[in-house]
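**Q** I'd like to ask some things about the structure below.
The values are calculated or read from the model by the stated rules, or taken from the named source; none is laboratory data. These numbers come from a predicted model, not from an experiment. Note: ideal-geometry Cβ built from the backbone for every residue, glycine included; neighbour counts use all protein chains shown. Protein only, heavy atoms only, side chains kept; ligands, DNA and RNA dropped before computing areas. Shrake-Rupley method; radii C 1.70, N 1.55, O 1.52, S 1.80 Å.
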Amino acid sequence: MSDTKQFLEEMMPRIHEAETALHNGDAGSRFEMWSHTDPVTVFGAAFSPIGWAEVGPMFEKLASRFSNCSSCEWEVVAADVGEDFAYLLAIERTTASVGGSEPTPYMLRSTTIFRRENDEWKIVHRHADPVDDSAELLSRLHRNQ
């Protein structure tokens, strides 16, 4: 089995669990997946914090706004793994409520960068932006800060 295939088999179930939980209002699994050691960054569809002191609270804010996740799927476009760094490019398709709205589907393209820390893969960067107009509902996150 290739290193990349092994990486994906290990990480994708964890990512699915963490993202589904986040979209149901629980940031705990996402906290576990992320490095708490700077540098960590997010260039997100709604927020762009830099450093764990900003990233952690942003996850809590996101979780407090999401609920009713009925679908959260990642289509892997590309991935590769090295000795200490890995990346994952994906199309994310999620259906969830934002700020109490009806559950609505949206789609993001994302890049996630991982760093090996103490023999465990931790996320250190995420960049996500809308593929199309379906992510307009995420603008509610800004309006309801």
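**Q** Condition first: among the hydroxyl-bearing types (Ser, Thr, Tyr), farther than 15 Å from Arg126 by Cα and not in a helix (DSSP H, G or I). Now tell me which residues in the range 45-95 satisfy that.
**A** Matches in the range 45-95: Ser67, Ser70, Ser71, Thr94, Thr95.
**Q** Also, quick follow-up: Might you let me know whether the range 8-16 holds any residue that is surrounded by 16 or more Cβ atoms within 10 Å (Cβ to Cβ) and more than 20 Å from Arg116 (Cα to Cα)?
**A** no
**Q** How many residues, within the range 17-40, are under 17 Å from Ser110 (Cα atoms) and open to solvent by less than 30 Å² (accessible area, probe 1.4 Å)?
**A** 8
**Q** Right, here's the next one. For the range 96-135, name all the residues that are open to solvent by less than 30 Å² (accessible area, probe 1.4 Å), in a strand (DSSP E or B) and not basic (Lys, Arg). Can you show your working first?
**A** So in the range 96-135, the residues open to solvent by less than 30 Å² (accessible area, probe 1.4 Å) come out as 96-98, 101, 106, 108, 110, 112, 114, 121, 123-124, 126, 128, 135.
This time we only want the ones that are in a strand (DSSP E or B), so: 96-98, 106, 108, 110, 112, 114, 121, 123-124, 126, 128.
Scanning the range 96-135 gives Ala96, Ser97, Val98, Tyr106, Leu108, Ser110, Thr112, Phe114, Trp121, Ile123, Val124, Ala128.
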